[in-house]
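The block underneath contains the structure these notes are about, expressed in structure tokens.
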Amino acid sequence: MASPRQRAARWRYVQYAVLVAVLLAIAFIADWEQIQRAFWNWELVKEQFPDVITIALKNTIIYTACGFSFGLVLGLVLALMRLSSVGPYRWIATGIIELFRGLPALVVFIALSVGFNLAFPRYEIPFGNLGVVTLALGLVGGAYMAETIRAGIQAVPKGQMEAARSLGMSHSRAMISVVVPQAFRIILPPLTNELILLTKDSSLVYILGLSLSGYELTKFGREGMNSSSNLTPIIVIGLCYLLITVPLSIVVRRMESRAERAR
Amino acid sequence: MTTHPNDRSADRAGAAIDVQDLHKYFGDNEVLKGIDFHVGQGQVVCVIGPSGSGKSTLLRCVNMLETPTSGRIFVEGDEITDPDADVDKLRARIGMVFQQFNLFPHMTVMRNLTIAQVKVKGRSKDEAVEVARANLAKVGLAEKESAYPAHLSGGQSQRVAIARALSMSPDMMLFDEPTSALDPELVGDVLAVMKDLASEGMTMMVVTHEMGFAREVGDNLVFMDDGVIVEEGDPREVLADPRHERTQSFLSKVL
């Protein structure tokens, strides 16, 4: 009889064998030249520059930054409303959160771009498309972040509020100076997550029908793919997305470990 | 609101803290069952009793961290339980020290000591820093002003917490089991700071298990059990010769 340890070792060999077999199969079956032509055509890669950076990447960052900033403010306001002792504030905040968390971001974009004009024909969302993107991404992101921020505020030990109040601070002063800063430290990781999600959601701006100068990464990549019948442009913009999100993760990990040291 | 006879408030005129017929419920659970007592100006009153006796709740009612169900509390003649009272303003005159220190972990020691001075008392930054430095020196931690709370030991944290409360230049100090969360070898430093304060004439109300401190420093000792004051008097007498059976049984367990 094999001992449990021998059985475990044998099972591990089987797993390695499967992995190697799959990799070999892919390597032999794949037509590498064809793959390279379809996915990484150097000519096409060069064609993407510099517009992919100066227009598409720039716009993605602008849309995301605006949407996230608005969403963060909205999320904080909604979170504080959710924690309010005034009933109607709690109900309104809960309603807004449930509504925008439950709707696909695409629906919010359509509702804002088309619906707003129909509902208020005499008014316009300021700053044109950028205003619509900011509002739509902010509403969707804010609804998610509100619940995260609320959880963060509630995770700050009660003694912090009590200590602040016992020093004579008002409730709102204690919130601003003592509780909320600590809450944000706690929720830094989930907030980064939200920022990364919003970066990707910013691609939905295509629904607004933009001209070239307003293209963000996804729209830019799709146009490039359609005109060349080749996947290379999509690969390029995919790398651009990673160019945003990976450094972001690294920065936040740094901030976390620094906050950890001060804790 | 309960009525209170005038004769009693008369002989308490000038009391720093005056608690009258205080009741406090948590849900259906009555944790304070009619507390009457006062702390004179410059007095040190120690409150002892088994856990769950309501002593911390009583202390927390004095600066309204807990809202009394009924009864009245006067702080230097101002009723803090009055619904129209400016509680924030009164609290700024009452220093409080917690069992768990409750320093603000995202601020340096210096900022812990200055933020309320600037935001609540309206002191200038320079003045606040000066006051903070003086109080840090007083608790023996002048060199820690730029440290973060995470880098302090428990005893240092509690002394910083005392300095933080003192920096508001309070008229009185409340201590809620200030040494209960400390390692035994660190208790002495904190008690030494509290003794200094008492000898300077600070009015203090101290919930504690440190009978030695009560005996040495206290002007008055209050023994609470099950939401009532069972016995109070001179600490040396109460500790040496408790009259009440419940006091005797409690002291026999802790002494």
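The values are calculated or read from the model by the stated rules, or taken from the named source; none is laboratory data. The model shown is predicted, which means the values in this text are computed figures rather than measured ones. Ideal geometry is used to build each Cβ from the backbone, glycine not excepted, and the neighbour counts take in all protein chains shown.
Can you spot a residue in segment A:203-213 that is away from every other protein chain (no Cβ under 14 Å) and buried (at least 23 other Cβ atoms within 10 Å of the Cβ)? Explain how you work it out, then say what you get.
Going residue by residue through segment A:203-213, those that are away from every other protein chain (no Cβ under 14 Å) are A:203-213.
Within this subset, residues satisfying the condition of being buried (at least 23 other Cβ atoms within 10 Å of the Cβ) are A:204-205.
Yes.
Return yes or no: is residue A:10 farther than 27 Å from residue A:216 by Cβ, touching a residue at least 12 places away in the same chain (Cβ under 8 Å) and surrounded by 10 or more Cβ atoms within 10 Å (Cβ to Cβ)?
Details: farther than 27 Å from residue A:216 by Cβ: yes; touching a residue at least 12 places away in the same chain (Cβ under 8 Å): no; surrounded by 10 or more Cβ atoms within 10 Å (Cβ to Cβ): yes.
So residue A:10 does not fit the description; no.
Look through B:166, B:113, B:174 and report the one residue that is closer than 26 Å to residue B:46 by Cβ and more than 9 Å from chain A (Cβ to nearest Cβ).
Details: B:113 fails: closer than 26 Å to residue B:46 by Cβ; B:174 fails: more than 9 Å from chain A (Cβ to nearest Cβ).
On inspection, the qualifying residue turns out to be B:166.
Take the residues of segment A:79-90 that are under 12 Å from residue A:151 (Cα atoms) and assigned to a helix (DSSP H, G or I): which is nearest to the chain's Cα centre (by Cα)? Quick ask: steps written out before the conclusion?
Taking segment A:79-90 first, the residues under 12 Å from residue A:151 (Cα atoms) are A:79-80, A:82-83.
Filter once more, keeping what is assigned to a helix (DSSP H, G or I): A:79-80, A:82.
Numbers: A:79: 19, A:80: 22, A:82: 23 Å.
Ranking the candidates gives A:79 first.
Among the candidates B:47, B:62, B:75, B:31, single out the residue that is more than 27 Å from residue B:129 (Cα to Cα), within 17 Å of the chain's Cα centre (by Cα), away from every other protein chain (no Cβ under 14 Å) and of a type in the set (Val, Ile, Thr).
Numbers: B:62 fails: away from every other protein chain (no Cβ under 14 Å); B:75 fails: away from every other protein chain (no Cβ under 14 Å); B:31 fails: within 17 Å of the chain's Cα centre (by Cα).
Of the residues listed, the single one that is more than 27 Å from residue B:129 (Cα to Cα), within 17 Å of the chain's Cα centre (by Cα), away from every other protein chain (no Cβ under 14 Å) and of a type in the set (Val, Ile, Thr) is B:47.
Taking residue A:97 as the residue in question, decide whether it is surrounded by 16 or more Cβ atoms within 10 Å (Cβ to Cβ) and at pLDDT 85 or above.
Against the criterion (surrounded by 16 or more Cβ atoms within 10 Å (Cβ to Cβ) and at pLDDT 85 or above), residue A:97 qualifies.
I need the full set of residues from segment A:1-38 which are of a type in the set (Gly, Ala, Ser) and within 22 Å of residue A:230 (Cβ to Cβ), in order please.
Initial filter on segment A:1-38 (of a type in the set (Gly, Ala, Ser)): A:2-3, A:8-9, A:17, A:21, A:25, A:27, A:30, A:38.
Within segment A:1-38, A:30, A:38 meet the criteria.
If we only count helices (runs of 4 or more DSSP H) wholly inside segment A:97-194, which ones have 1 or more residues that are under 30 Å from residue B:98 (Cβ atoms) and more than 14 Å from chain B (Cβ to nearest Cβ)? Spell out how you get there, then give the answer.
Numbers: elements: A:105-110, A:116-119, A:128-155, A:158-166, A:171-174, A:180-186.
Answer list for segment A:97-194: A:128-155.
Can you tell me how many residues within segment B:95-136 are aromatic (Phe, Trp, Tyr) and free of Cβ contacts under 8 Å to residues at least 60 places away in the same chain? So that I can check it myself, show each step before the final result.
Initially, segment B:95-136 is screened for residues aromatic (Phe, Trp, Tyr), giving B:98, B:101, B:104.
Those still in the list that are free of Cβ contacts under 8 Å to residues at least 60 places away in the same chain too: B:104.
Looking only at that region, the number is 1.
In segment B:80-94, what residues are without any contact (Cβ under 8 Å) to a residue 60 or more places away in the chain and either among the polar types (S, T, N, Q) or in contact with an Asp or Glu (Cβ under 7 Å, 6 or more places away or on another chain) (or both)? Write out each step before concluding.
First pass over segment B:80-94, keeping only residues without any contact (Cβ under 8 Å) to a residue 60 or more places away in the chain: B:80-91.
Once the filter is applied, which keeps residues that are without any contact (Cβ under 8 Å) to a residue 60 or more places away in the chain and either among the polar types (S, T, N, Q) or in contact with an Asp or Glu (Cβ under 7 Å, 6 or more places away or on another chain) (or both), segment B:80-94 yields B:81, B:85, B:90.
Mind counting the residues in segment B:195-235 that are without any contact (Cβ under 8 Å) to a residue 24 or more places away in the chain, in a helix (DSSP H, G or I) and out of contact with any helix residue (DSSP H, G or I) (no Cβ under 6 Å at 6 or more places or on another chain)?
Residues meeting the conditions: 3.
Looking at (1) without any contact (Cβ under 8 Å) to a residue 40 or more places away in the chain; (2) away from chain A (no Cβ under 14 Å); (3) in contact with a Lys or Arg (Cβ under 9 Å, 6 or more places away or on another chain), can you tell me which one residue B:139 breaks?
(1)
Considering each of B:116, B:132, B:92, B:85 in turn, give the residue that is of a type in the set (Gly, Ala, Ser) and surrounded by fewer than 19 Cβ atoms within 10 Å (Cβ to Cβ). If you could, list the steps in order and put the result at the bottom.
Numbers: B:116 fails: surrounded by fewer than 19 Cβ atoms within 10 Å (Cβ to Cβ); B:132 fails: surrounded by fewer than 19 Cβ atoms within 10 Å (Cβ to Cβ); B:92 fails: surrounded by fewer than 19 Cβ atoms within 10 Å (Cβ to Cβ).
After applying the criteria, what remains is B:85.
Going residue by residue through segment A:155-167, is there one that turns out to be among the hydroxyl-bearing types (Ser, Thr, Tyr) and within 19 Å of the chain's Cα centre (by Cα)? Break it down into steps so the answer makes sense when it comes.
Of the residues in segment A:155-167, the ones among the hydroxyl-bearing types (Ser, Thr, Tyr) are A:166.
Then drop every residue that is not within 19 Å of the chain's Cα centre (by Cα), which leaves none.
Checking segment A:155-167: not a single residue is among the hydroxyl-bearing types (Ser, Thr, Tyr) and within 19 Å of the chain's Cα centre (by Cα).
Of a type in the set (A, V, I, L, M), surrounded by fewer than 22 Cβ atoms within 10 Å (Cβ to Cβ) and outside any helix (DSSP H, G or I): which single residue out of B:147, B:137 fits that description? Write out each step before concluding.
Values: B:137 fails: outside any helix (DSSP H, G or I).
Step by step, each of B:147, B:137 is checked, and only B:147 is of a type in the set (A, V, I, L, M), surrounded by fewer than 22 Cβ atoms within 10 Å (Cβ to Cβ) and outside any helix (DSSP H, G or I).
Is segment A:34-46 home to any residue that is part of a helix (DSSP H, G or I) and more than 33 Å from the chain's Cα centre (by Cα)? Talk me through it step by step, then tell me what you get.
Residues of segment A:34-46 part of a helix (DSSP H, G or I): A:34-39, A:42-46.
Okay, now just the ones that are also more than 33 Å from the chain's Cα centre (by Cα), so A:34.
Yes, some residue in segment A:34-46 is part of a helix (DSSP H, G or I) and more than 33 Å from the chain's Cα centre (by Cα).
Scan segment A:100-132 residue by residue and report those that are surrounded by fewer than 14 Cβ atoms within 10 Å (Cβ to Cβ) and in contact with a Ser or Thr (Cβ under 9 Å, 6 or more places away or on another chain).
Going through segment A:100-132, the residues surrounded by fewer than 14 Cβ atoms within 10 Å (Cβ to Cβ) turn out to be A:102, A:104, A:114-115, A:117-124, A:126-128.
The answer is A:127, and nothing else.
Where residues in segment A:215-263 are of a type in the set (Phe, Trp, Tyr) and in a helix (DSSP H, G or I), which of them is modelled with the highest pLDDT?
Quick first cut of segment A:215-263, residues of a type in the set (Phe, Trp, Tyr) only: A:215, A:220, A:241.
Among the residues that remain, those that are also in a helix (DSSP H, G or I) are: A:220, A:241.
Numbers: A:220: 85, A:241: 90.
If we take residues in segment A:215-263 being of a type in the set (Phe, Trp, Tyr) and in a helix (DSSP H, G or I), then A:241 is modelled with the highest pLDDT.
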